[in-house]
1. Does B:GLU616 count as under 25 Å from B:LEU422 (Cα atoms) and within 13 Å of another protein chain (Cβ to nearest Cβ)?
2. Just checking, how many residues over region B:53-65 are surrounded by 22 or more Cβ atoms within 10 Å (Cβ to Cβ) and either on the phi > 0 side of the Ramachandran plot or not in a helix (DSSP H, G or I) (or both)?
3. Condition (residue is open to solvent by less than 10 Å² (accessible area, probe 1.4 Å), not in a strand (DSSP E or B) and not small (Gly, Ala, Ser)) applied to region B:422-434: is it met by at least one residue?
4. Restricted to region A:71-86, and to residues that are free of Cβ contacts under 8 Å to residues at least 60 places away in the same chain and open to solvent by less than 10 Å² (accessible area, probe 1.4 Å), which residue is nearest to the chain's Cα centre (by Cα)?
5. Just the residues that are out of contact with any Phe, Trp or Tyr (no Cβ under 6 Å at 6 or more places or on another chain), of a type in the set (Gly, Ala, Ser) and under 27 Å from A:LYS197 (Cβ atoms), please, taken from region A:234-257.
6. Show the residue pairs meeting these rules: Cβ distance below 7 Å; 6+ apart or different chains; first residue within region A:11-36 and assigned to a loop (DSSP other than H, G, I, E, B); second residue of a type in the set (Lys, Arg) and surrounded by 17 or more Cβ atoms within 10 Å (Cβ to Cβ).
7. Give just the number: which of (1) assigned to a loop (DSSP other than H, G, I, E, B); (2) at negative phi; (3) open to solvent by 10 Å² or more (accessible area, probe 1.4 Å); (4) modelled with pLDDT of 95 or more does A:LYS249 not satisfy?
8. So if I check each of B:MET561, B:MET527, which one is touching an Asp or Glu at 6+ places or on another chain (Cβ under 9 Å), more than 17 Å from B:LEU457 (Cα to Cα) and modelled with pLDDT under 95?
There are 2 protein chains.
Amino acid sequence: MSSLESDKAMSPKLTVELLRQLRLAMKNCKYFSEPIQAYIIPSGDAHQSEYIAPCDCRREFICGFNGSAGTAIVTEQHAAMWTDGRYFLQASQQMDNNWTLMKMGLKETPSQEDWLISVLPENSKVGVDPWIFAADQWKNMSKALASAGHSLVAVQDNLIDAVWLDRPQRPSTQLMTLGLERTGMSWQDKITALRAKMRERKINWFVATALDEIAWLFNLRGSDIEYNPVFFAYSVVGMKTIRLFVDLKRLEDPAARQHLQLDAPSRPELSIQVSPYEAVHTELQAVCAALGPKDKVWICDKAGCALTQVIPKTHRSQISYTPLCLAKAVKNATEIQGMKTAHIKDAVALCELFAWLEKEIPKGTVTEISSADKAEDFRSQQKDFVGLSFPSISSVGPNGAIIHYRPLPETNRTLSLNEVYLLDSGAQYKDGTTDVTRTVHFGTPSAYEKECFTYVLKGHIAVSAAIFPNGTKGHLLDSFARAALWEAGLDYLHGTGHGVGCFLNVHEGPCGISYKTFADEPLEAGMIVSDEPGYYEDGSFGIRIENVVLVVASKPKYNYMNRGSLTFEPLTLVPMQVKMMNTDMLTQKERDWVNDYHRQCMETVGAELRRQGRKEALDWLIRETQPIA
Amino acid sequence: MSSLESDKAMSPKLTVELLRQLRLAMKNCKYFSEPIQAYIIPSGDAHQSEYIAPCDCRREFICGFNGSAGTAIVTEQHAAMWTDGRYFLQASQQMDNNWTLMKMGLKETPSQEDWLISVLPENSKVGVDPWIFAADQWKNMSKALASAGHSLVAVQDNLIDAVWLDRPQRPSTQLMTLGLERTGMSWQDKITALRAKMRERKINWFVATALDEIAWLFNLRGSDIEYNPVFFAYSVVGMKTIRLFVDLKRLEDPAARQHLQLDAPSRPELSIQVSPYEAVHTELQAVCAALGPKDKVWICDKAGCALTQVIPKTHRSQISYTPLCLAKAVKNATEIQGMKTAHIKDAVALCELFAWLEKEIPKGTVTEISSADKAEDFRSQQKDFVGLSFPSISSVGPNGAIIHYRPLPETNRTLSLNEVYLLDSGAQYKDGTTDVTRTVHFGTPSAYEKECFTYVLKGHIAVSAAIFPNGTKGHLLDSFARAALWEAGLDYLHGTGHGVGCFLNVHEGPCGISYKTFADEPLEAGMIVSDEPGYYEDGSFGIRIENVVLVVASKPKYNYMNRGSLTFEPLTLVPMQVKMMNTDMLTQKERDWVNDYHRQCMETVGAELRRQGRKEALDWLIRETQPIA
């Protein structure tokens, strides 16, 4: 699955008055010494979060468009919003005619820089909130503007907030503490490991800004952002000090205080100094003021430039992936066990759902929305259920071809015996995070639907069963998922897999499987990624087969240069519908893989269904895991 | 194949006196206002050539090491030379103890920048010849040095040349003109196409520095550099002018004068102004002095910084691949026909060689060197043979495991009935360039050798038979070549393929097939690359199977998003030894591929062998192309 979607009706937001007010603020010297001629409103929050809290939905507030990706820019005369092909339709429906939709990826669409340069008067100032603008974005934008005689200026007070009268509060939910039985490693040991990495690279301070990294480091969870069990915080870790910046009210809870040993630290270097969330800027300034001449401070290159620029350039060491991101990606034995448990429970819920759907669909009463709700209902019956891990993509027939579809009342289709149904959904349990896609037909799929499903299945198996050397980067596996589709002249326009957190974000770095060769880190045993090739036929149907898989050691016949080999072990254990397969198109090896996978589903999930006494789902599972010839 | 190799005995060069003289030159104010404390001696020439002329082998001259890759740095106290793992042994044998070998890729080896910073006194000046130091290298090195208080300075006179008393002359061989029947496109039309690209990108001038691009543009060839049919030149092309910088003596030849229409240009904008090779710097200065405020000059980012820095930064547009590089990569119908013809002739020569080897090897008189010489002899009998396209890699048994092996008298092994023989060789014909590797056994290969050969063959076929969408980059195909090896725990540590020129360099950009995701351009119909997976077992044997293949349109069942599909057509038509295959390990599809390939070899090359009356080779071909069951 991917990205936050609309759940509002598709009528344009009226923005005349808002834009008038914003333009007044752009001239208001309360905010800066000289007026600015343009103001950039990015999508994100101050933590590079993919999902954001309502208080951070500033771009949506100003233009009405609520997709996951988009940047708005307002000048004295113009208002324009850039987004990508997934959102052209949605954005055009949600924005009124004060806004120009800038369709990214089309040849005629100018870049933000080029557009600004084309519309701005000479020597203009372009403002942006430096907290939510990444350091690398700043560099590119300021360089482009400077080359045309303009300048990019940091506006400390967010101008959207200034005109957003009913802006929601920043959430401050209760913190959940996780013990060793869930995390496998105390936060103290994680700090010690972090410091060892810092020592190794001669780094004196590390600034943590990504919310999932901070949650992972301190073995704490929150619910500040929907679907992501994180909480708003920063952390600055030195060799002898640990600073945590968080709404202090949250630390009045005795469980949290005790977990963090706030009142009785075990050792002085493991004592946590807590400060208000907002204090990070001044405290980091104080840290930087006291730096020795050779001291170095680590910060992610995607962190906001407000914090990045606090660190003097000579002391700054910017990295693509922080040591926490890398450590978090490799799950320990406890986390792996938790993920396995979570996936078994999740499979129980999905077996129940599919058994229920088979019974209910003929009545004509099940819709995309009610099916997704029912899936949530079944999941919520499982132990340690916390919530969904992303908005369910529940799509029937042509809706399935919209890769980032989310059912809305006005698009909601009824499940039937005549159309393909694609369900991409997942949950947060206290022991792990799930993300699974199954594509099924409740009547008789056409030969063409089966053919396409089988290409996708071949791709899924090719990745899942691949054996590859230790140190291989995920992008080198991407073509395996496409080879069968390519041979038939087909393809899909998304990556094949993303990293998955353990009771954390369902999308996490630094590994993945994609044709885009972003700076992914080599795969290693203990990493967890999704394997989700697909095929989408506009106006007809969508197919995706997604398992979450664990990277494990493999022992092939030889061991070239002693490098060792890896392969994947599926954590997701939900049958793949044999009815959708053209089994004649499968090789013997592929048939064996399907049968072996279904045997595992039956053994593991079947036992749990029996234990939970869920008879109908068990019968469904038995039937759906019969071996193919 | 790849890279220039040693053909000299492995005894160290004595460098005491040379280093003394170089250090004197480093203090000699004839060359600069202040002495320099270090001097960098890169490998290359002023044209980013992979193969270089003897006069440009400055790094070899100063340290004795003659491998294809290496950088020497001399300070007042130290002399160090960086090279990679291919050359550790060779470099240690060729350099005396005045030199420290810096083994790149080992953790303990400092980078050139770090090493310089660690050994230089404060405020040092580091010199380099800006002609042979690329603009992007300059940027990195000068930044690193500046951060430690040193500076990088351009030394216009090359200090090696100053102490190299018997330095060879820069070659100035006769130019060969190629007519339309060989090139398919006149140089006038190429200029017009280049100008159209320039207009499209709003570029006013283009500076060509790569020798193969200049040879391609003007439909001229030379023999200034062994194996590469190029000639030393620069070219600067504007919208109305064409400047060619070349040793003017070469243009006294009436054929060249007429070809370039020097005496009677057809149209004024196609009139070529010729100037001496050395005049490019001053002439480019003159061009730049006359630039309008918005004028832009294109230059490759790998061009030497001497020329790059002539172009004022605001007018400079640096590109990874020039429009000539891109245009040259897509062969036209005439070039494709020429390449096919060349490959048939090349296959004739190799059929003769293998038939001859079968007869001669039992006598015990054939060595790696004599086999390579015989191959050259057979090739030279073919029409329009010009020379080899690279030094033949002719290797028996354990020598085959040395990927960049070249037989030397002291390593020369005798071909026998007991060891695997790998021959990677190719030639330049006036109609095309070839590059082919075959791995054969003249006795009975072991089961293990056959097993490994078959994995490599599976990889070769997987790439050759792959169908993929238009616009796919070559690096996305690399894993196809490895999948079978990986499944057995094996691999090879080189890329899978490189671009191949048409009667030009055997290695050319911008496309290739490699796990290294360099900035390769998407594959398109008409491009020509090699497909050469391998497997190397240290101390035992080496296996590589290499064909040159043409990118062609493919018509699979469907055509997703109207993108069209591509696949490869082998140009190389030399049988792959069935004796080396474990045919039980092949799928039916793979067996069909082998039989189909051998049928093509038989039809096409067999006809030519018959025409040329080469009976023994024909008998060999008939036997070697028998279908497998």
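1. Numbers: under 25 Å from B:LEU422 (Cα atoms): yes; within 13 Å of another protein chain (Cβ to nearest Cβ): no.
Spelling it out, it is not the case that B:GLU616 is under 25 Å from B:LEU422 (Cα atoms) and within 13 Å of another protein chain (Cβ to nearest Cβ).
2. 2
3. The first filter runs over region B:422-434 and keeps only residues open to solvent by less than 10 Å² (accessible area, probe 1.4 Å), leaving B:422-429, B:432-434.
Restricting the remaining residues to those that are not in a strand (DSSP E or B) gives B:426, B:434.
Those left that are additionally not small (Gly, Ala, Ser): B:434.
Taking every residue of region B:422-434 in turn, at least one turns out to be open to solvent by less than 10 Å² (accessible area, probe 1.4 Å), not in a strand (DSSP E or B) and not small (Gly, Ala, Ser).
4. First, the residues of region A:71-86 that are free of Cβ contacts under 8 Å to residues at least 60 places away in the same chain: A:71-78, A:80-85.
Then keep just the ones that are open to solvent by less than 10 Å² (accessible area, probe 1.4 Å); that gives A:72-75, A:80-83.
Numbers: A:ALA72: 22, A:ILE73: 25, A:VAL74: 28, A:THR75: 32, A:ALA80: 26, A:MET81: 23, A:TRP82: 21, A:THR83: 18 Å.
Among those that are free of Cβ contacts under 8 Å to residues at least 60 places away in the same chain and open to solvent by less than 10 Å² (accessible area, probe 1.4 Å), it is A:THR83.
5. Looking only at region A:234-257, we keep the residues that are out of contact with any Phe, Trp or Tyr (no Cβ under 6 Å at 6 or more places or on another chain), and these are A:235-236, A:239-244, A:248-257.
Those still in the list that are of a type in the set (Gly, Ala, Ser) too: A:235, A:255-256.
Correct list: A:SER235, A:ALA256.
6. So the pair list comes out as A:GLU34/A:LYS125; A:ILE36/A:LYS125.
7. Going through the list (1) assigned to a loop (DSSP other than H, G, I, E, B); (2) at negative phi; (3) open to solvent by 10 Å² or more (accessible area, probe 1.4 Å); (4) modelled with pLDDT of 95 or more, A:LYS249 breaks only (1).
8. Going through B:MET561, B:MET527 in turn, the sole match is B:MET561.
The values are calculated or read from the model by the stated rules, or taken from the named source; none is laboratory data. What you see is a predicted model; the values in this text were computed from it and never measured. Every residue, glycine as well, gets a Cβ built from its backbone with ideal geometry; the counts of neighbours run over all protein chains shown. Only protein heavy atoms, including side chains, enter the accessible area calculation; ligands, DNA and RNA are left aside. Shrake-Rupley method; radii C 1.70, N 1.55, O 1.52, S 1.80 Å.
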